[in-house]
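Engineer: Take a look at this one; I'll ask things after.
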Amino acid sequence: MALVLLHCRENNKAHNTDEISVDRLIVRRGKPFLLTLQMKTADMSALDKLEFTVQTGLQASEALRTKAMFRISPAGLANNLWNASIQEKTVSSVTLSVSSPAEACIGEYSLRIKTASSFTCDNKFILLFNPWCSDDSVYIPQESDRREYVMNEHGLLYIGSSDYIFPKTWTFGQFEQDIVDICLKLMDRNLKCLRNKEEDFSARCSPIYVSRVLCAMINAQDDGGVLHGKWCGDFSDGTSPTSWNNSVQILRKWARNYNSVKYGQCWVFAAVLCTVLRCVGIPSRVVTNFQSAHDTDGNLVVDQYRTERGHIPEKEEDSIWNFHVWVEAWMRRPDLSGDFYDGWQVVDPTPQETSNGLYCCGPAPVKAVLEGHVDVKYDVPFVFAEVNADIVTWMILSNGSKIMLNSDTCEVGQNISTKMVGMDKRSDITASYKYTEGTEKERQVYKEAVKRGTKPLSNTPNSPPGSRNLQLKLVEVSKSINGKDINLSLVLNNSNQASKKLQIHLLAQVMLYNGVPGAIIWTEDPETLLLSSKEMSIPIQIAYPRYATLLGRNIIRVNAIVTDLDNNGISYHTEKDIVPENPKLTITTKGMAYPGSEMTAEVVFENPVSMVLTDCKVTVSGSGLLVDVQETNLPSIKPNTRIRVLVPFVPYKAGARQLVANFNCNLFTDINTSITVDVKPAHIATRV
């Protein structure tokens, strides 16, 4: 029997997969790889009789492109079929270059070679998408982009609100050795595969199909996918979404018994999908949209309601999330006309609405969103509304009727953010989703979206009734810090020549980040006289104890409704979201950074409030640094007390690695920090 040498180390390095493994063959489609056959002399003299068979999936067939049979062909023969050519030959061995089509199905393959006298054993290898290959539909031209969107195992997610944007360090870990197998298992367990394995394996040539399947498998809604979503309530039967900072931990937990992991929210869903897409070779990045609309009826208008005192009703059909996170995946769109829609595509695994019967969203071309082409697949109307819906705010009167308070065409879709290529900085990509708010072009695109959509243009008036000559806004007096009182002012400006008697309703309410209202924490109802052509400020102070136990990942929304008692009771409305800044967490390291060397991380946190912190947990993780996430539980931290947590670790991969720490407790959630550990190659350590 002939012996096959797969040259795993050399091939994987050439195919940019050696970060996954150097012990098994993992290659990218459209690029040759080498293998050597050691054979009997008789077989060496009959190389033209060698017959190669590669196949993936059950009941593989050439008709479905999941199986190929081929022989040695002349070197340099260019075609889009599986082929092999001789690179080097000796008396007892031959080295061959084997090439796969640039549109081959991805997945685990078996390779069998028939010689003149025998068969080889089945040799297994994994074939991935190839963003380095110009014929592959995931090809991305710039090497810097490939380094960031395929090879980078660490990244930044952006959370908070449009006025308070905070980076959160995340470990994607797509090249941890077992992650590629978990990704393939995810595809094998998707509903389409379970219904028709042959068609599913055949469709894995398309990143459109693969991204859509994986998007559905990240949430648990339809198919026992990776993550259960939960946005409020008790998380004690699982892990709070704010505690995660690492995709690897989540994917491994799912793979143990294929039970969905508790719990995720949008940034967790998106980060895990980004890991999986990068692992299979699809360039991807995590994107945050601030002031993100959830338009349930598809009319591109979000209706919001307030009571006469500013209270937000418990349930609204439409909502505005203070941020929402999804993934962009890079690919061509041959299923659409021409190449206009090639490039970044929105793929959103957070289970919000169904798409063709499954909870997934996309791939939706970002260019289609920009131009209002909502009749393009997949799910462009939903994404367009998220970044460019109009808002109409209504006041519900005591008799059940409603009056319009204001309308806003600019609020939705702000500061759309992703990590900058090659730098730990924020890149604002709002302009790739919509034209500048307030311009004629932006309104033209909005009307184009309405025209192409299935819902008629709303008949809502552009402005509320009555003469409007009072301006109001809420401003922060000082930076809001979690653990301290919050100070704001309501600024009123009377542009009328007559004085105004004003009834003011002020209200502060906790809001979940996805727009669901929580507890009312503060109210005040002053009356005042505002003289003609004058401005005045009304101070607002929200004491820390009012919000201390309610904040978490939530925000504080301050509403002001001002009624002009001298002008037919015309009402005005303004609101402001407050995201108090959390205290700092620090992490440092000690020891020589080489693979196999012992190091220690020190995490430091100081309780800044006059209350005892309970249920405290510190987690530390880092791809290439810690095999498993390290968790340290602390029963309590007394006021003004500093704690230090020491975490020993042994780096196992060279290169610049991110060590990430998270702190959570009963009053503070998701305090996040990181440090870069530059792990030198092992051969350098031997010379030191």
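Engineer: Scan the chain and note any complete DSSP helix (H) whose C-alpha atoms cover at least 20 Å along its axis and whose Kyte-Doolittle average is 1.0 or more. Present the calculation step by step, with values, prior to reporting the outcome.
Structural biologist: Values: long enough: 266-280 (21 Å, 2.15).
Helices meeting the span and hydropathy rule in the chain are 266-280.
Engineer: Sticking with this one: Once Lys and Arg get +1 and Asp and Glu get -1 on their Cβ, which of Cys361, Pro207, Ile542 lies farthest toward the positive end of the dipole of the chain?
Structural biologist: Towards the positive end, the residue furthest out is Pro207.
Engineer: Right, next: Where the centre of each part is set by its Cα atoms, how far does the stretch 170-238 sit from the stretch 128-147, in angstrom?
Structural biologist: Cα centroid to Cα centroid, the span is 23 Å.
Engineer: Before I look further, what does the chain give for accessible area per residue, probe 1.4 Å, in whole square angstrom? Spell out each step's value before the answer.
Structural biologist: Numbers: 27950 Å² over 688 residues.
Per residue, the chain has an accessible area of 41 Å².
Engineer: Can you give the charge dipole size of the chain about its Cα centre, rounded to the nearest 20 debye, using +1 on the beta carbon of Lys and Arg and -1 on the beta carbon of Asp and Glu?
Structural biologist: The calculated dipole for the chain is roughly 1460 debye.
Engineer: Do the alpha carbons of any pairs in Lys484/Lys638; Lys89/Lys124; Lys185/Lys617; Lys479/Lys534 sit beyond 20 Å of each other, and which pairs? Don't skip to the end; give the middle numbers.
Structural biologist: Details: Lys484/Lys638 17 Å; Lys89/Lys124 24 Å; Lys185/Lys617 32 Å; Lys479/Lys534 27 Å.
In this structure, Lys89/Lys124; Lys185/Lys617; Lys479/Lys534 lie more than 20 Å apart at Cα.
Engineer: Lysines near Lys419 by alpha-carbon distance under 21 Å, same-chain residues fewer than 8 away left out - which ones?
Structural biologist: Lys168, Lys367, Lys434
Engineer: Are there trypsin sites (Lys or Arg not before Pro) in the stretch 234-312 that DSSP marks as loop and that have at most 14 other Cβ atoms within 10 Å, and which are they? Could the numbers behind the result be given before it?
Structural biologist: Numbers: sites: Arg252, Lys253, Arg256, Lys262, Arg278, Arg285, Arg306, Arg309; in loops: Arg309.
Here the sparse-neighbourhood loop sites are Arg309.
Engineer: Quick one: net charge around Ile504, please, counting Lys, Arg +1 and Asp, Glu -1 for every other residue with C-beta under 13 Å from its C-beta. Each step should come with its number before you reach the end.
Structural biologist: Numbers: positive: Arg309, Lys500, Lys501; negative: Glu308, Glu524, Asp525, Glu527, Asp564.
Neighbourhood net charge equals -2.
Engineer: Now for a separate question. Given a cut-off of under 8 Å on Cα pairs at least six residues apart, what relative contact order in percent is computed for the stretch 235-310? Mind dumping the intermediate values first?
Structural biologist: Values: 38 pairs, mean separation 17.7, N = 76.
Once normalised by length, the contact order is 23 percent.
Engineer: Another question, if that's okay. When the distances between all Cα atoms of the chain are binned every 20 Å from zero, what whole-number percent does each bin get?
Structural biologist: All Cα pairs, binned at 20 Å, distribute as 17, 44, 29, 9, 2, 0 percent.
Engineer: Give me the net charge for the shell around Ala593: Cβ to Cβ below 12 angstrom, other residues only, Lys and Arg +1, Asp and Glu -1. Don't skip to the answer; put the middle values down first.
Structural biologist: Values: positive: Lys590, Lys653, Arg657, Lys680; negative: Glu598, Asp678.
Cβ neighbours under 12 Å give a net charge of +2.
Engineer: With Cβ to Cβ distances under 11 Å as the rule, what net charge do the other residues near Ile429 carry (K, R +1; D, E -1)?
Structural biologist: Values: positive: Arg285, Lys419, Arg426, Lys434; negative: Glu328, Asp428.
With Lys, Arg at +1 and Asp, Glu at -1, the net is +2.
Engineer: Quick check on the chain: helices-only [θ] at 222 nm, where DSSP H runs of length 4 and up contribute -39,500 (n - 2.57) each and the sum goes over total residues. Nearest 500, please.
Structural biologist: On the way: 14 runs with 111 residues, N = 688.
Rounded to the nearest 500, it is -4500 deg cm²/dmol.
Engineer: Please turn the phi angles of the stretch 9-16 into ³J(HN,Hα) values with the Karplus equation 6.51 cos²θ - 1.76 cosθ + 1.60 (θ = phi - 60°), one per residue in order, whole Hz, x for glycine and proline.
Structural biologist: 4, 5, 5, 5, 5, 5, 9, 6
Engineer: So, in Å, what gap is there between the alpha-carbon centers of the stretch 539-585 and the stretch 358-416?
Structural biologist: 24
Engineer: Straight-line reach from Lys230: which lysines have a Cα under 17 Å away, not including same-chain ones fewer than 8 places off?
Structural biologist: Within the straight-line cut-off, Lys230 pairs with Lys262, Lys315.
Engineer: I've got another one for you. Using the Karplus curve 6.51 cos²θ - 1.76 cosθ + 1.60 with θ = phi - 60°, what ³J(HN,Hα) values do you get for each residue of the stretch 597-610, in whole Hz, with x for Gly and Pro?
Structural biologist: Calculated HN-Hα couplings, in order: 8, 8, 10, 9, 9, 10, 10, 10, 9, 10, 6, x, 10, 8 Hz.
The values are calculated or read from the model by the stated rules, or taken from the named source; none is laboratory data. Since the structure is predicted, the reported quantities are computational estimates derived from the model, not experimental observations. Glycine also receives a Cβ, built like all others from the backbone with ideal geometry; neighbour counts cover every protein chain displayed. Quick note on the areas: whole protein, heavy atoms, side chains included, nothing else; ligands and nucleic acids left out. Shrake-Rupley method; radii C 1.70, N 1.55, O 1.52, S 1.80 Å.
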